[in-house]
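A.B. asks: Okay, here's the structure, questions in a sec.
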Amino acid sequence: MCDGSLWKKIMVFSVPLMFSNILQVVFNISDVAVVGKFAGPIALGAVGSTSILVTLSTGLLLGLASGVSALTALYIGARNHEEIKKTVHTAAVLMGFSGLLIMVVGMGLAGVILTVMGTKDELIGGAICYLRLYLLGTPALAMFNLGNAVLSAAGDTRRPLYYLTFAGVVNVILNLFFVIACKMGVAGVAIASIISQYISAGLVIRLLFVSREAFGLRLDCLRVDRDKLRRILRIGIPSAIQYALFAVANLFVQASVNSFDHVMVEGNSAAANTDPLVYDMMAALYTACTSFIAQNLGAGKRDRILKSFYICLLYSFLLGLFLGLGIYVLRYPFLSLFTSDQAVVDAGIKRLTVMALSYCVSAFMDCTIAASRGLGKTIVPMFIVTAGSTVFRLLWIWTVFAYFRTIESLYLLYVFSWTITAVAELIYFARIFKSAEISAV
């Protein structure tokens, strides 16, 4: 990451990671597609009603993993093997504990949260069942994110892709078996996801244990180094809070969607499957941005830091634009994957129409946050996100949406919140890059 063409190396790094991220999304999307087609629209709405809570649990783990990735990449760039070893083993303990904690808390509060969100009476039983079962896979998701973060920091994005490909195929096969053959409905797709998550986690953790590299895991070294824990959390907790704040704000969005009839809720559930497809492909470039900036920071190559940011920003903007337009063009066949009900399809198209040209705008916000994270700065970006993409969204719901009461006016809050947050994030990144603060990382 510290030498050669950044245009080429960022692309080579990001493409396998894009497919890895997409395969993780396949776990949930295949759940929604199978239940929508073979268990009916009520099951579709039940699984779709949990999507924000699933995003919240995975987002917390992704936030912590970003701290692991940034710190590991920093030490790899500095070629400090002892610090790499301490970082990875501390991270393994932290991620394992976090996965278990999220599982226990999430299962306990699932019913309460879904009720507070205003989940429809006909959907809530299936939603609680799916969510509680799905959360049993959270420890596995935590360990996969650990392995993926460490390997990505080292520049290896291919092997996690291979593991997820295998696990994704297993997931789809089990979905069809449990739902069609066993008639298990939402429980069947949740169990299929759990099995697939443990397969992918087992493969990536096994790789770390057999590796002879400095980032390899050893049972006798599994202990917490306080300094490394503090540094991981300094980056990871604000990042996790950012993910959580997005999810919390979206809980209010989902509650607003729930104020419409169940057809609109089901259409939103089907159309919302475009979000992780687009976001997670773009997120591969944000991971590249953090990793390349962190490694070049460790190597003291300041000029490559700024160039890495510009390249990742351009790539992610173009990717978001291309994917958004592509999904809009294919909106009818895409939505037909999840439902055969024309009324639900029509409701889903309302969302896709607004979001198609909005996704690319999010690149300016998320890529800049990733760049700041690569420089070890996460506290101020967290507050900017809180103001721009959480408080602003709530104000929008209470004012603009409350006035118009149309589903389109609700969906427009995304692009407006991304825009104002991006402006503030860009100003902050420009300031810290120009200042001497980056030398304190």
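A.B. asks: Return the residues of the stretch 377-386 that are open to solvent by 10 Å² or more (accessible area, probe 1.4 Å) and within 20 Å of the chain's Cα centre (by Cα); say none if nothing qualifies. Don't jump to the end; show me each part of the working.
C.D. replies: Of all residues in the stretch 377-386, those open to solvent by 10 Å² or more (accessible area, probe 1.4 Å) come to 377, 379-380, 382-384, 386.
Selection gives 377, 379, 382, 383, 384, 386.
A.B. asks: I'd like the full set of residues that are open to solvent by 50 Å² or more (accessible area, probe 1.4 Å), over 19 Å from the mean Cα position of the chain (by Cα) and not aliphatic (A, V, I, L, M), limited to the stretch 163-205.
C.D. replies: Within the stretch 163-205, 166, 177, 182, 183 meet the criteria.
A.B. asks: All but one of (1) in contact with a Cys (Cβ under 9 Å, 6 or more places away or on another chain); (2) surrounded by fewer than 24 Cβ atoms within 10 Å (Cβ to Cβ) hold for residue 42; state the number of the condition that does not hold.
C.D. replies: (1)
A.B. asks: Among the residues of the stretch 140-159 satisfying the criterion of being of a type outside the set (A, V, I, L, M) and over 16 Å from the mean Cα position of the chain (by Cα), which is most open to solvent (accessible area, probe 1.4 Å)? Step through it out loud before you land on a result.
C.D. replies: Our first condition is that a residue be of a type outside the set (A, V, I, L, M); within the stretch 140-159, this holds for 144-145, 147-148, 152, 155-159.
Adding the requirement that they be over 16 Å from the mean Cα position of the chain (by Cα) leaves 155-159.
Details: 155: 39, 156: 29, 157: 5, 158: 129, 159: 94 Å².
For the stretch 140-159, the residue satisfying everything is 158.
A.B. asks: Still on this structure, I have one more. So how many residues does the stretch 212-223 have that are surrounded by fewer than 16 Cβ atoms within 10 Å (Cβ to Cβ) and not in a helix (DSSP H, G or I)? Break it down into steps so the answer makes sense when it comes.
C.D. replies: We begin by selecting, within the stretch 212-223, every residue surrounded by fewer than 16 Cβ atoms within 10 Å (Cβ to Cβ); these are 212-213, 218-223.
Next, from what is left, pick out any that are not in a helix (DSSP H, G or I): 212-213, 218, 222-223.
Going through the stretch 212-223 one residue at a time, the tally reaches 5.
A.B. asks: Out of the residues in the stretch 45-63 that are open to solvent by 20 Å² or more (accessible area, probe 1.4 Å) and closer than 13 Å to residue 235 by Cα, which is modelled with the highest pLDDT?
C.D. replies: First pass over the stretch 45-63, keeping only residues open to solvent by 20 Å² or more (accessible area, probe 1.4 Å): 51-52, 55-56, 58, 60, 62.
Retained after the next criterion (residues that are closer than 13 Å to residue 235 by Cα): 60, 62.
Details: 60: 85, 62: 81.
Once the filter is applied, the top-ranked residue is 60.
A.B. asks: Okay, next question. Taking into account only those residues within the stretch 393-441 that are open to solvent by less than 60 Å² (accessible area, probe 1.4 Å) and charged (D, E, K, R), which is modelled with the lowest pLDDT?
C.D. replies: Result: 393.
A.B. asks: For the structure I just gave you, tell me whether residue 245 is aliphatic (A, V, I, L, M) and either open to solvent by 20 Å² or more (accessible area, probe 1.4 Å) or without any contact (Cβ under 8 Å) to a residue 12 or more places away in the chain (or both).
C.D. replies: Working: aliphatic (A, V, I, L, M): yes; either open to solvent by 20 Å² or more (accessible area, probe 1.4 Å) or without any contact (Cβ under 8 Å) to a residue 12 or more places away in the chain (or both): yes.
Yes, satisfied.
A.B. asks: If residue 290 satisfies every condition in (1) at pLDDT 85 or above; (2) open to solvent by 20 Å² or more (accessible area, probe 1.4 Å) but one, which is the exception?
C.D. replies: Of (1) at pLDDT 85 or above; (2) open to solvent by 20 Å² or more (accessible area, probe 1.4 Å), only one is false for residue 290: (2).
A.B. asks: Further question: Do we have any residue at all in the stretch 265-272 that's charged (D, E, K, R), at pLDDT below 85 and assigned to a helix (DSSP H, G or I)? Break it down into steps so the answer makes sense when it comes.
C.D. replies: Pass one, the stretch 265-272, residues charged (D, E, K, R): 266.
Pick out the ones that are also at pLDDT below 85 and you get 266.
Filter once more, so that each one left must be assigned to a helix (DSSP H, G or I): 266.
Among the residues of the stretch 265-272, at least one is charged (D, E, K, R), at pLDDT below 85 and assigned to a helix (DSSP H, G or I), which makes the answer yes.
The values are calculated or read from the model by the stated rules, or taken from the named source; none is laboratory data. Note that this is a predicted model, so its numbers are computed, not measured. Cβ atoms come from the backbone with ideal geometry, glycine included; neighbour counts cover every protein chain shown. Heavy atoms of the whole protein, side chains included, go into the accessibility calculation; ligands, DNA and RNA do not. Shrake-Rupley method; radii C 1.70, N 1.55, O 1.52, S 1.80 Å.
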